[in-house]
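Written out below as structure tokens is the structure these notes cover.
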Amino acid sequence: MSTQPAIGQSISRLEGFEKVTGSAKYAGEYNVPDLLYGYVVNSTITKGEILNFNADAALALPGVIKVFYYGNRPSLAWFNMQYADMDAPPGTPFRPLQDAEIKYNGQPIALVVAESFELAKYAATLVKVDYKEETFTTDLIANQASARSPKVGLATALKPPPPKPVGDFEAAYDTAFAKASGKFIHGTEHHNPLELFATTTIYEGKGKVTIYDKTQGTVNCQLYVGNVFGLHFKDVRVISPYVGGAFGSGLRPQYQLFLSVMAALELKRAVRVTLDRTQMFSFGHRPPTTQFTRFAAAADGSLRAINHTAIAETSRFEDYTEVVVNWAHMLYPAKNTLMEYKLVPLDVFSPLDMRAPGGSTGLHAVESTMDALSYQLGIDPLEFRLINYAEKDESTGRPYSSKELRKCYEEGAARFGWSERLPQPRSMKRGNKLVGYGMATGIWEAMQLPARAKALINAEGKLEVSSAVTDIGTGTLTVMTQIAADTLGLAMDDVTFSYGDSKMAFAPIQGGSFTVATVGSAIKAAGLALAKKLFRKAKQMQNSPLGKAKFEDVEFRDGLIALKAQPKAVIALKDIVSANKGRAIQSTNFNLPKVMKLKNYSRAAHSAAFVEVEVDEELGVINVTRAVTAVAAGKIINPKTARSQILGGMVWSISKALREETITDHNFGKYMNQNLGEYHIPVHADIHELDVIFVEEKDDIVNELGSKGIGEIGLAAMPAAIANAIFHATGKRINRFPIHLDDLM
Amino acid sequence: MHNFRYKAATSVSDAVVEVNQSAEGQFVAGGTNVLDLMKYFVAKPEVLVDVNPLNSLPVVSEYKEGVRLSAFATNADTAYHPIIEKRYPLLSKAILAGASAQIRNMATNGGNLLQRTRCYYFYDVNTPCNKREPGTGCSAIRGYNRMMAIMGTSEHCIAVFPSDMCVALAALGAVVNTDGMQGKREIPFADFHRLPGDHPEKDNNLLAGELITGIDLPAEGFAEHYAYLKLRDRNSYAFALVSVAVVFRLDGDLISEARIALGGIAHKPWRVLDAELYLQGKSATVDHFAAAAEIILQGAKTFEFNSFKPELARRAIIRCCKMALSPDTQLPGAQPSA
Ligand SMILES: Cc1cc2nc3c(=O)[nH]c(=O)nc-3n(C[C@H](O)[C@H](O)[C@H](O)COP(=O)(O)OP(=O)(O)OC[C@H]3O[C@@H](n4cnc5c(N)ncnc54)[C@H](O)[C@@H]3O)c2cc1C
Ligand code: SF4
């Protein structure tokens, strides 16, 4: 009997036991003798200059080793380019401790290194800093008039600018039968993974370091450290086996990495720098964004004109961009479109991708405007989407590699009971609660980047696969093991996947929902190459039962190579290794996306979200009582971990629509609710029934696995569906997130 | 956190003596507030006197016609105590509407009365705050003030006292027992907390180094008609935007006694006796509840981000009065009734 394919099976996380029992070690938990602890001092002003820096009182404390600041830091790389990481937007990357200039509130200005964390933290309060303050501005809404087009650069490749206008939007809009418009306001959000950012740098002597870092890209950090500190890449090893959530916050090297490595190199000792929760608000964030929409349709419901404009915050030093306004025309056909995306540079740190960056922002505007238009037309919101169903990507004219969105609508609506909906707002009630049904569509591009993977068969005939990729809690370890197992028809137990180490085969940063496509495809390619190599070696063995067979004539199963036509003619993988004098047989492959084929297609995962809310009629209290998300994302490698991903996105949707916001006091230019007591993410009492459907979707084009990423798609549709359900319940269209009870009183 | 001395108290008098040995002495009980304040460098006690060893008294004991709560018992043990659940269910509901299960397991009754405001600026030593540093100014008045007070504010401070438990204690008419260098005192609840006035740095009328030893509840627990309603930005683990405690004694359709206390709107639990007197002898109708709400909220003053609060409070009072008529409609977590 041959082993069942592992792909497609619901398999629990392989590292689950370590994680829930606390034995999984995170970056800030690697202890070595004589470890030193660094605590960061952050700027208390928003803009200006340090006039005077005095650390005497801190240094006078026994056990305080050194206080680094711009005045005594070691000399570092000269060029800005050397600070640019794989995810750096166009501009000048932030350089910690560069000079006396203060660019934003909370900027790291010094590192206190001491014999304990507590001592370092206390000593940090004794550091005296005099500033010259300059006027600053952090308020997007007050500065929208100064919005300008973003600069382009390398990172723009993954974030295409808005599509060119089509037709004549203004004329079409003016004369259309039905119109809907809206202004959508989103504030700042911070990622706030549970694990605090931390780096432990072990000084190995002679310019060599081993670094345990919280990151979404070991190689990204390795290159950054090598460039900035002028070290040989081979002397910099970055390890990150467990990551306690990141959501994009670890896509770029954060300042604790820089400071930890700098201190370790200077002091020639092991140094750990751990940020505290307040400091988790002192780097990247989802940028506040204001959007304007105008959509118009003919009497039969067909869309005629789409205008979507977004104005987003960025820093003064980098042009961070998101794909906010490109989605409407990928989803809906219209002959007249006008999309614009602009930036307002402010005195803040550069924004940073946060789960479903741009998509969760833009689709709220698109899908709530679609909803408003459906009410104008008197057409059921779901019916309205079906009338405007795009068989191809209208923004490029290319076909989709696959698109089973229609099935998402059908299966989602059936599971939810959409047909029970009464069309009029405020028409459904339960006691003193208004009940509302809302739905929305989601889309997220299915990307793939180049990556390497290594596969080998060891003396026991077991498969060992490795890649530098991280597992940010998404289930990467489990899923990659499944993919690897199937390449040689092995049981999961006969496969080990090693990862999270820059010395392993190259992988890009883990984000954008492209990891399975990127690293999974590389593993599949490496597995296939290894299979061919094993086959060749097997044929060369004495008395090989494979005779003159071609590769197509054999199958790999149960640790054997077998002739398909003669199932008894087998040869064990471990015997092939024995014949190889016991030396493991291995293959390392660089896998490139099939660009020539792919460029003829648009590739995207789709989803449909259906939401029921209850709103207390007098008090405005909102509860999402039920929600269904139906997802079309190609082959689902592991339904269990995939479902968890979507559930996480659904909880986050509730967060985004109803809870989460970083509050900025523009008088001080700083964030005020910098802790998890006041930065509201949902609690159990906020979460009720959530249901996930994966619809069948076959895709032979998108990549070797036929699988699209699912990290972001769970957060694409549902925030808008919540806002739409609230409109249905109350008759109030609230376009500012998060929606609070006082908006509905 | 800066360096401090730690001393475990051996008796009430020992605790009082120890804490008064230093101008910067402070008690610690559950530590759920004072340790956070120390981590933010808002509190910098020179000595922390731990009162947990004094937790040998019963959580709840019969006292006169009513009961006495130990100051050193936890909020959880108090809320789930059978006598409290049976005779003072309002108190139980209010405690359970606060914080999280983990925090309530640590937090004590004495500490709850003395928790500091949650004003963002108070916790951020890099912004001006009259409560933290008198004379520096109030950042909240022109800042982000969604959570801030609408009643009894002063030009120096608009902070809110955040406790849920104390809203119920105010409605029930509790008495706070204290012991200190000047001897024992019994402080009626209405006189315990203060308005900010010219001295926002003082939250209450406790003397320096005075220890809370117990909280007395009068005989009447209003177990027939009571409700606690808490409105907030998430369903649990968030402080009140507005909370309301209502208790009634009814005589047929008529209200023979009413108490209405509000949280989240002032520097102390907010009771307006005129409104309670107004309801006395009236029928329990929405119109009368609405008229009482008007009386309570007269003179409300709002700020940029909390202008919704008077109307929210008005509606909350009416709803909570309705809920108090049939306490069985109450949902866990002091949610609005279905
Ligand atoms: C994240 C978070 C959320 C919360 N949410 C809520 C909420 O929704 N509703 C709510 O009501 N509360 C809430 N709380 C507050 C919580 O109820 C209080 O922190 C708690 O009641 C304080 O009790 P404690 O014993 O831990 O006090 P401690 O922190 O030990 O002490 C607090 C103060 O009281 C003094 N003190 C303690 N005991 C005595 C005594 N016997 N005599 C004299 N002085 C004393 C201390 O010196 C200190 O100044 C929350 C707290 C946190 C951290
Ligand atoms: S409201 Fe009170 S506590 Fe808040 S900043 Fe003003 S003075 Fe300080």
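The residue of the stretch B:151-177 that is farthest from the other protein chains (Cβ to nearest Cβ), among those that are in a loop (DSSP other than H, G, I, E, B) and within 16 Å of ligand 1 (Cβ to nearest atom), is B:ALA174.
Of the residues making up the stretch B:79-114, those that are of a type outside the set (A, V, I, L, M, F, W, C), surrounded by fewer than 22 Cβ atoms within 10 Å (Cβ to Cβ) and either within 14 Å of chain A (Cβ to nearest Cβ) or touching a Cys at 6+ places or on another chain (Cβ under 6 Å) (or both) are B:SER100, B:GLN102. Considering each residue of the stretch B:130-138 in turn, at least one proves to be touching a Ser or Thr at 6+ places or on another chain (Cβ under 7 Å), farther than 26 Å from B:LEU231 by Cα and within 11 Å of ligand 2 (Cβ to nearest atom). Answer yes if at least one residue in the stretch B:176-183 is out of contact with any helix residue (DSSP H, G or I) (no Cβ under 9 Å at 6 or more places or on another chain) and open to solvent by less than 20 Å² (accessible area, probe 1.4 Å), and no otherwise. Among the residues of the stretch B:176-183, at least one is out of contact with any helix residue (DSSP H, G or I) (no Cβ under 9 Å at 6 or more places or on another chain) and open to solvent by less than 20 Å² (accessible area, probe 1.4 Å), which makes the answer yes.
Annotation: of all residues in the stretch B:154-173 being open to solvent by less than 40 Å² (accessible area, probe 1.4 Å) and within 8 Å of ligand 2 (Cβ to nearest atom), the one that is farthest from B:PRO89 (Cα to Cα) is B:CYS157.
Against the test of being touching a residue at least 12 places away in the same chain (Cβ under 8 Å), at negative phi and in contact with a Lys or Arg (Cβ under 7 Å, 6 or more places away or on another chain), the options A:LEU51, A:LEU61, A:LEU76 yield a single qualifying residue, A:LEU51.
Can A:LYS537 be described as charged (D, E, K, R) and in a helix (DSSP H, G or I)? Yes, satisfied.
Exactly one residue out of A:ILE311, A:ILE306 is over 12 Å from A:PRO165 (Cα atoms), of a type in the set (Val, Ile, Thr) and assigned by TED's automatic domain parsing to the domain that holds A:LYS392, and it is A:ILE311. The set of residues in the stretch B:127-147 being within 13 Å of another protein chain (Cβ to nearest Cβ) and within 16 Å of ligand 1 (Cβ to nearest atom) consists of B:ARG146, B:MET147. Scanning the stretch A:669-699 for residues that are in contact with a Ser or Thr (Cβ under 6 Å, 6 or more places away or on another chain) and either surrounded by 18 or more Cβ atoms within 10 Å (Cβ to Cβ) or charged (D, E, K, R) (or both) returns A:GLY669, A:TYR671, A:GLN674, A:PRO682, A:VAL692, A:GLU697, A:ASP699. Residues that are closer than 23 Å to A:GLY244 by Cα and away from chain B (no Cβ under 14 Å) were ranked within the stretch A:38-61; the one that is surrounded by the fewest Cβ atoms within 10 Å (Cβ to Cβ) is A:VAL40. B:LEU195 meets all of the listed conditions (1) in a loop (DSSP other than H, G, I, E, B); (2) open to solvent by 50 Å² or more (accessible area, probe 1.4 Å); (3) in contact with a Ser or Thr (Cβ under 6 Å, 6 or more places away or on another chain) but one, namely (3). Within the stretch B:198-219, restricting attention to residues that are within 16 Å of ligand 2 (Cβ to nearest atom) and outside any strand (DSSP E or B), the residue that is farthest from B:THR108 (Cα to Cα) is B:ASP198. Selection within the stretch B:230-289: residues that are polar (S, T, N, Q) and within 14 Å of chain A (Cβ to nearest Cβ). The member of this set that is farthest from ligand 1 (Cβ to nearest atom) is B:ASN235.
Results for (1) more than 16 Å from ligand 1 (Cβ to nearest atom); (2) within 14 Å of chain B (Cβ to nearest Cβ); (3) modelled with pLDDT of 95 or more, shown as yes or no for each residue.
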| site | (1), (2), (3) |
| --- | --- |
| A:GLY620 | yes, yes, yes |
| A:MET650 | yes, no, yes |
| A:LYS670 | yes, yes, yes |
| A:GLN674 | no, yes, yes |
| A:VAL683 | no, yes, yes |
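Close contacts from the stretch B:81-103, counting a first residue that is closer than 19 Å to A:HIS680 by Cα and a second that is modelled with pLDDT under 95 and open to solvent by 10 Å² or more (accessible area, probe 1.4 Å), with Cβ to Cβ under 7 Å and a gap of 6+ residues or different chains, come to B:ALA97/B:GLY333.
Taken over the stretch A:556-586, the criterion of being in contact with a Leu (Cβ under 9 Å, 6 or more places away or on another chain) and exposed (fewer than 15 other Cβ atoms within 10 Å of the Cβ) is satisfied by A:ALA572, A:ALA584.
The values are calculated or read from the model by the stated rules, or taken from the named source; none is laboratory data. Since the structure is predicted, the reported quantities are computational estimates derived from the model, not experimental observations. Glycine gets a Cβ as well: all are built from the backbone with ideal geometry, and neighbour counts include every protein chain shown. The area values use the complete protein model at the heavy-atom level, side chains included, leaving out ligands, DNA and RNA. Shrake-Rupley method; radii C 1.70, N 1.55, O 1.52, S 1.80 Å.
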